[in-house]
Amino acid sequence: MSASNNERYQQSYTPSRPASSTLALHGPVESRRETGPLVPPIVQSTTYIQPALDGYAGPTYSRVDNPTVAELERILGGLESAPPSVTFGSGLAAETALFLATLKAGDHAVVGEAVYGGTTRLFQQLLSELGVDATFVDSTDAQAVRAAIKANTKLVFVESPANPTLSITDIRAVSEIAHEAGALCAVDNTFLTPVLQKPLDLGADISVYSTTKHIEGHSAALGGAVTSRNERLNEKLRWVRKCTGGIIAPFNAWLTLQGLKTLPLRLERQSQNAQVVAEWLSETEGVERVCYPGLNGFTQRTLADAQHETIRGERLHGGVIAFELAGGLEAGKELLRSLELCRLVEHVGSVETLVTHPATMTHADVPRAQRKRFGLTDGLVRLSVGLEDPSDIIADLAKAIEAGLAVSGAVNGPVGEEVVNV
Ligand code: PLP
């Protein structure tokens with residue numbers, strides 16, 4: 001092994017904190033089962049036999065806890081040096097429980113403007129009806145976050161990198177602002193997962209996940225998770241989950257556990273593939289804008305490098321890219337029609353390369369003016385790079401970009417004025 005390789009591998013052997021690739025397989029070694037099947041069984045039972053009314057400490061009912069779910073929670077929490085995570089039936093179920101646990105009528109939240117469209121819908125259309133007030137701000141500007149704080153602010157919620165613009169929020173800075181105001185800071189870390197970013201180490205109180213995405217990784221199971229080192233909050237989350245019934249199903253927990261085993265490996269390769277594709281896009285004529293934190297021209301590159309983790313010495317930025325063609329919406333639509341290998345879906349983080357049109361799909365419920373403010377133009381295309389050979393992804397994109405530019409005549413006119421919010 002060369003000296004540099006030796007240095008690289010030393011990282012993985014730090015006894016105080018095993019690397020993510022080790023934790024994703026074993027969780028914290030001290031909490032592992034000592035006997036039994038290597039692969040945890042799927043416990044489908046809804047309920048559990050209790051030997052007597054008194055003195056029983058095991059699981060009682062699967063809406064409250066379940067051994068397969070508990071194993072997933074042990075591993076997910078371990079990835080962030082935290083107690084077991086609290087898992088849910090989807091990412092939005094996790095967010096809903098988090099908001100119910102931290103906000104009540106009369107409270108206020110500061111929310112990053114660039115977040116998943118379903119998060120915006122939850123605040124603007126549902127929590128607002130329950131008396132929870134939210135101010136959406138450009139969370140890449142810490143001073144804007146500070147200015148939005150009110151006396152009743154209880155939560156600062158940001159997403160970094162944000163869906164779909166990949167903008168980066170300074171997690172340390174916004175956590176400090178939240179704490180000064182006596183509020184909690186939560187980070188939607190779905191795009192990078194605990195393998196490539198550890199919000200709790202950066203000062204946040206809470207990491208939130210749609211495990212449906214990279215964590216499960218095979219588009220086979222919905223799920224969500226909240227991870228925190230705040231035991232009182234974890235207790236409250238479990239209580240909210242018991243009240244509202246949002247726990248992940250045992251089979252989905254098991255599929256997610258299987259996915260977790262290769263998460264570090266997949267993210268390493270998907271980030272490397274995304275870097276190659278993003279660099280190619282940024283050099284391709286007719287591609288007007290490429291958003292990827294690993295590009296030298298990415299305006300928040302320094303912050304991205306400071307917040308994102310390395311795997312075996314290599315700084316990685318995840319598998320998601322956003323880009324726009326000259327010709328905006330018309331060109332983008334034709335590009336999406338012309339792709340053959342890359343699949344058009346409302347999803348990211350799978351092993352296959354996926355494309356999405358955020359303005360009409362994932363972010364259709366975000367008011368158009370708000371979308372435009374944070375750079376989600378109608379022509380923006382989101383690309384979730386998979387495990388295919390990058391040369392095949394590029395070949396598919398090259399053909400589709402050519403078709404898109406031909407149809408639009410690559411006009412740099414106003415982008416997509418005809419799109420309405422569906
Ligand atoms: N957070 C982000 C960043 C997402 O992309 C999504 C879904 O696309 C969610 C949360 C919601 O997750 P789910 O679809 O599992 O409810």
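Of the residues making up the stretch 205-243, those that are open to solvent by less than 10 Å² (accessible area, probe 1.4 Å) and more than 17 Å from residue 73 (Cβ to Cβ) are 214, 217.
The set of residues from the stretch 153-174 being crowded, with 24+ Cβ neighbours inside 10 Å and in a helix (DSSP H, G or I) comprises 171, 174. Small (Gly, Ala, Ser), more than 13 Å from the chain's Cα centre (by Cα) and open to solvent by 10 Å² or more (accessible area, probe 1.4 Å) - does that describe any residue in the stretch 183-192? No; the residues of the stretch 183-192 include none that is small (Gly, Ala, Ser), more than 13 Å from the chain's Cα centre (by Cα) and open to solvent by 10 Å² or more (accessible area, probe 1.4 Å).
Yes/no per residue for (1) assigned by TED's automatic domain parsing to the domain that holds residue 166; (2) under 25 Å from residue 382 (Cβ atoms); (3) in contact with a strand residue (DSSP E or B) (Cβ under 8 Å, 6 or more places away or on another chain):
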position: 204; (1), (2), (3): yes, yes, yes
position: 214; (1), (2), (3): yes, yes, no
position: 219; (1), (2), (3): yes, yes, no
position: 244; (1), (2), (3): yes, no, no
position: 248; (1), (2), (3): yes, no, yes
position: 255; (1), (2), (3): yes, yes, no
position: 286; (1), (2), (3): no, yes, yes
position: 299; (1), (2), (3): no, yes, no
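Checked against the criterion of being touching a residue at least 12 places away in the same chain (Cβ under 8 Å), under 19 Å from residue 376 (Cβ atoms) and either outside any helix (DSSP H, G or I) or charged (D, E, K, R) (or both), the candidates 109, 82, 105, 114 yield just one match: 114. Considering only residues in the stretch 90-119 that are over 23 Å from residue 241 (Cβ atoms) and open to solvent by less than 30 Å² (accessible area, probe 1.4 Å), the one that is nearest to the ligand (Cβ to nearest atom) turns out to be 117.
Taking residues in the stretch 226-245 that are touching a residue at least 40 places away in the same chain (Cβ under 8 Å), and partners anywhere that are of a type in the set (Asp, Glu) and open to solvent by less than 10 Å² (accessible area, probe 1.4 Å), the pairs with Cβ atoms closer than 7 Å and at least 6 places apart or on different chains are 227/80.
Restricting attention to the stretch 371-392, the residues that are under 28 Å from residue 137 (Cα atoms), in contact (Cβ under 8 Å) with a residue 24 or more places away in the chain and open to solvent by 10 Å² or more (accessible area, probe 1.4 Å) total 4.
Applying the set (1) open to solvent by 60 Å² or more (accessible area, probe 1.4 Å); (2) assigned to a helix (DSSP H, G or I) to residue 128 leaves exactly one unmet item: (1). The residues listed here are 198, 213; of these, the one that is away from the ligand (no atom under 16 Å from the Cβ), charged (D, E, K, R) and under 16 Å from the mean Cα position of the chain (by Cα) is 198.
The values are calculated or read from the model by the stated rules, or taken from the named source; none is laboratory data. Given the structure is predicted, the values throughout are model-derived calculations rather than measurements. Note: ideal-geometry Cβ built from the backbone for every residue, glycine included; neighbour counts use all protein chains shown. Remember, those area values only see protein heavy atoms, side chains included, never the ligands or the DNA or RNA. Shrake-Rupley method; radii C 1.70, N 1.55, O 1.52, S 1.80 Å.
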